[in-house]
1. Quick one: work out the % antiparallel among DSSP beta bridges in the chain, nearest 5.
2. Ranking request for peptides 2-13, 393-404: highest mean number of other beta-carbon atoms within 10 Å first, then the rest in descending order.
3. Starting from the eigenvalues of the Cα gyration tensor, five times each then square-rooted, give me the equivalent ellipsoid semi-axes of the chain, largest first, whole Å.
4. Treating each Cα of region 196-353 as an identical point scatterer and ignoring solvent, apply the Debye formula and state log10 I(q)/I(0) at q = 0.11, 0.12, 0.16 Å⁻¹.
5. Explain nothing, just the number: relative contact order of the chain, from Cα pairs under 8 Å at least 6 residues apart, as a whole percent.
6. What distance in nm separates the two pseudo spin-label positions at Ala174 and Arg284, each 7 Å out from Cα along the beta-carbon direction?
7. Given region 139-198 reduced to its alpha-carbon atoms as identical point scatterers, what log10 I(q)/I(0) does the Debye formula return at q = 0.24 Å⁻¹?
8. Could you order peptides 183-189, 311-317 by the average number of other Cβ atoms within 10 Å of their residues, highest first?
Amino acid sequence: METDLREDLLKAFEGKLNQTITMYLETCSRCGICTDSCHVYKSMPRPEYSPAARAEVIRKLYKKYFKFQGKLLPALGEARSFDDTTLDDLNRAAYSCTGCRRCMTHCPFGIDTQQIMSIAKLMLVVAKEEPEILSMLADVSISKGESIDMIKQGFIDGLKRLEKDVVKKWKLEAGQIPIPTEVQGADILYVALAGAHSIIPAAAVFNAAKENWTLSFFEAVNFGAFVGDPAKTKLIMDRIINEAKKLNVKEVCICECGTAFRVLKQMSGKQPFKVSSITQVHERYIKENKIKVAKNQFNGVITYHDPCQIARNGGVMDEPRFILSQLTDEFIDMAKRAENNYCCGGGGGLVAMGEDSHDFRMKSAKVKADQVKATNASLLVTACENCHSQLSDLNKYYNMGVEVKFLSSMVADALIHD
Ligand code: SF4
Ligand code: SF4
């Protein structure tokens, strides 16, 4: 490996070495408790797919370049120098981990493999060896933020075409705008994904609740976080923060996108607005009687997949279950549920990598397909776009025989008109 590149990689590595990550790198006792936690290992039991083995790729470099013993006697300290295969190993480790953090909840020391893999992802970015599609999508989001004034009108025109579908779901009262934008002082700024499916049902529910809301000009998903580029992650996040501050909103409601929710909730620092997921907002509307939903209009047994970034890593676990209790008498949880749920296998940018990751995504999520099948559910509900795409692919691949649905669209379809 060229000296300049090695120096750049080490600089990036060093920049990541805060107290917590250093503790993760120093602490692993190799007890192996985490091994069975990982859906990848559980589905494809190969040594390299255990969380500890993934972390070891980084740990060996740490020992070589940041530990006295590794610098002096690398063979003794299990240290490893950069060589021609290092980047391939980093890629294999980082992009076979969805960052679900299930292993962390089982590790006696709470070692966060996702954090360790963020070092690998950053080094791949520095070496320009990251999945190109993820960086490209992040760049598109950033440039949209920079040229919003030029594309605003086109976006608003596009929204006009969705209005009749919003009204079909919920008839407006006089003065209500189906999809409001740029509402100064709105109570809620709703950040959707690109696509009508993320806007129409949400708009119908906001209107039914008579919410003082406004739609963001930006899509929620943060491809910078998927690719592990902190600078891009921040630029993408800042577009939403600046919009929320400019409009002086009280709350930013993130659509069904786990990564977007976790990034804004946990990485945006102290802000003058609250961050919620749409699931939390819908639960609140039902509890406060702002909306009413019809029970049992969806037939058959219903189960719920907890998106890792919303449930285990975002703390939203009771809310979807409360909503489902209002929608059906036939809800059944999976055997491992909520914070203990297995990842769908599509996180960490894998779904966005499309066909390139398809084979791995399917094989590494067999345990998820088995978990769903064991419920005998006919409807599989989730609250994350990424999970929805992955679960739909799994449904075909493993003949799971379910219909995959978004929770928010079920709420919109079940609205009762007084
Ligand atoms: S459970 Fe924790 S300490 Fe044990 S091998 Fe896994 S990461 Fe290391
Ligand atoms: S974060 Fe998830 S995918 Fe990554 S090693 Fe841990 S359990 Fe496996």
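Please treat every number below as a calculation from the coordinates, not as lab data. This is a predicted model, so every value here is computed, not measured. Here the Cβ positions follow ideal geometry from the backbone for every residue, glycine too, while neighbour counts run over all protein chains shown.
1. On the way: 1 of 22 bridges.
Here the share of antiparallel DSSP bridges comes out near 5 percent.
2. On the way: 2-13: 13.9, 393-404: 16.9.
Order by mean packing, descending: 393-404, 2-13.
3. Semi-axes, largest first: 39, 26, 17 Å.
4. These q points yield log10 I(q)/I(0) values of -0.48, -0.57, -1.02.
5. Details: 713 pairs, mean separation 66.0, N = 418.
So the answer I get is 16 percent.
6. The answer from the label model is 3.0 nm.
7. The Debye formula, applied to the Cα set alone, gives -1.28.
8. Top to bottom by mean Cβ count within 10 Å: 311-317, 183-189.
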